Amino acid sequence: ADVTNVPAVVVGSGYGGAVAALRLGQAGIRTVMIEMGQLWNTAGSDGKIFCSTAAPDKRSMWFKTRTEAPLATFLWLDVVNKDIASYAGVLDRVHYDNMSVYVGRGVGGGSLVNGGMAVTPRQSYFAEQFPTVDASAMYNTYFPRARTMLGVNTIDSTWFESTEWYQFTRTSRKAAANTGLTTTFVPNVYDFGYMQQEAAGTATKSALAQEVIYGNNYGKKSLDKTYLAAALGTGNVTIHTLEKVKAVTRASDGSYVLSVDRIDTSGNVVESKQYSCTYLFLGGGSLGTTELLVRARDTGALPALNSSVGGGWSTNGNTMLGRANHIWDTTGANQSTMPVMGIDDWANTDNPVFAEIAPLPIGFETWVSLYLAITKNPQRASFTYDSASDAVKLGWTAAQSAVSVAMAKKLFDRINTANATIYRYDLFGSSSKVFADDFCYHPLGGCVLGQATDDYGRVKGYSKLYVTDGSLVPGNIGVNPFVTITALAERTMERVLAEDF
Ligand code: FDA
């Protein structure tokens, strides 16, 4: 096979990969970015690039024959999921034994499918999770840099208080206030000016048209509109799509050699190719990067990788749940898909939880308050390589999910007691399931900073090999993670470009 030689390769085009590509390109280094998903730039027959959650089609999911939405049922009816054609769609749900993980596929990674919540963690908790990182440099330099580049903005509070599109949030805020709990606005990368135009009827609806987990056609500043656009603008970066890195090894001259399968949108392998590079940046996300490195270590391709590779993984304590409101406490038929508020009980040392007030945008009144709770679950799991099946497995157990559920339940039992309300039993597939304990949106860890890597993401045991994504975060960061991932990548790139090139 032909070998393409380039100075630098970046694997993956999510947050970690996008920051690496921009800063390499600006430094004048020719860089190839390899992304297994598509470039989402072509409208389908409906004139839209992405489909909505209301009418999912093949564009919704990564090689599935049926959608796998987080809510399995509604009123116990299987109305939420639909049969679809298998295709290189934008949202993947990766199944491990006791945990399914949602990830984005395409140029922009998770930024294409996520809720856009752009939250900076509390400095004290960041310092607790990253004891060897200078927190003041993060909060003075890298977090602000990340927020500016990502296009973080906040909702106008007057509009928030009056619009029907956030009635669901105000109803949840009232229930929290009745419990004596604090709520806080959270910033977002969705353009709230655009959203107000949507509400006024002067712009095509996206967040107000049930678009989110299968992509947003308008309004959201996903990475293809921010970091990746700037990276391409340097003239030094190219992106190769529908190419999956299968394995990484090292040649005798110290360069890295990547084996790559190029696929078509039906999943057929149309070419097997190789890249060789001097500098290799891994931005495949917690799952993608960790899988590559665990496989490389345990198959002997990169034997000097240390035993921390694969460890320190968790779900950011994710648990989803719904509460049933009183009949007079409506949540509204019209709901924006972009969350703007959280219940902040993290300072409660007995049971730290940050719960995002999530929408249920299905177009009619449901009386449901939905939440994604981020709990301070201390449990961690490891990825291991199984040579018999040639697969990388995740050792997460149901008992570890139960820890997140117990913490979420403790908080929401208080809210239900204070409001004389109950949980919803019809949302997660079986009649007894109140807490979704089998999926997460926030996979974190696998190549933890300072353990599998040095304090700047340089992989231990090798030179010129770097991790820049969510696998650096030790399992939990207490808030939605992409701002932290972006800021850490900015810090890594500044150091690495100054010292290693
Ligand atoms: P990310 O997963 O973004 O990117 C990795 C990329 O690498 C992907 O494009 C993947 O296809 C590619 N890749 C992986 N392996 C590869 C290989 N072997 N070869 C080639 N390419 C490969 N966070 C937040 O802060 N606020 C929020 O509101 C939300 N909401 C949310 C909703 C939903 C539905 C999801 C799924 C996730 C969120 N998140 C979130 C989480 C957030 O999106 C996530 O933490 C980041 O995208 C992780 O960034 P990374 O750079 O680590 O990887």
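The values are calculated or read from the model by the stated rules, or taken from the named source; none is laboratory data. Worth saying up front: this structure is predicted, and the values here are computed from it rather than measured. Note that we place each Cβ from the backbone using ideal geometry, even for glycine, and neighbour counts take in every protein chain shown. Quick note on the areas: whole protein, heavy atoms, side chains included, nothing else; ligands and nucleic acids left out. Shrake-Rupley method; radii C 1.70, N 1.55, O 1.52, S 1.80 Å.
Structural remarks
- Going through (1) in contact (Cβ under 8 Å) with a residue 40 or more places away in the chain; (2) in a helix (DSSP H, G or I); (3) away from the ligand (no atom under 16 Å from the Cβ) one by one, ALA406 falls short only on (1).
- Single match in LEU302, LEU287, LEU258, LEU292 (criterion: touching a helix residue (DSSP H, G or I) at 6+ places or on another chain (Cβ under 6 Å) and in contact (Cβ under 8 Å) with a residue 12 or more places away in the chain): LEU302
- Residue in the range 52-72 that is nearest to GLU211 (Cα to Cα), counting only those that are crowded, with 18+ Cβ neighbours inside 10 Å and β-branched (Val, Ile, Thr): THR53
- Residue count, the range 188-216 (criterion: within 16 Å of the ligand (Cβ to nearest atom) and closer than 26 Å to ALA18 by Cβ): 14
- The listed residues are VAL257, VAL212, and the only one of them that is of a type outside the set (S, T, N, Q), open to solvent by less than 40 Å² (accessible area, probe 1.4 Å), part of a strand (DSSP E or B) and at pLDDT 95 or above turns out to be VAL257.
- Test result for ILE327, surrounded by fewer than 22 Cβ atoms within 10 Å (Cβ to Cβ) and among the β-branched types (Val, Ile, Thr): yes
- Filter result for LEU394 (within 17 Å of GLY288 (Cα to Cα) and aliphatic (A, V, I, L, M)): yes
- Number of residues in the range 147-176 that are under 26 Å from the mean Cα position of the chain (by Cα) and farther than 23 Å from GLU365 by Cα equals 10.
- When ALA355, ALA399 are checked against the criterion of being more than 21 Å from the chain's Cα centre (by Cα) and not β-branched (Val, Ile, Thr), a single residue qualifies: ALA399.
- One residue stands out in the range 447-482 among those that are in a helix (DSSP H, G or I) and either surrounded by fewer than 24 Cβ atoms within 10 Å (Cβ to Cβ) or of a type outside the set (Phe, Trp, Tyr) (or both): the one that is nearest to the ligand (Cβ to nearest atom), namely GLY470.
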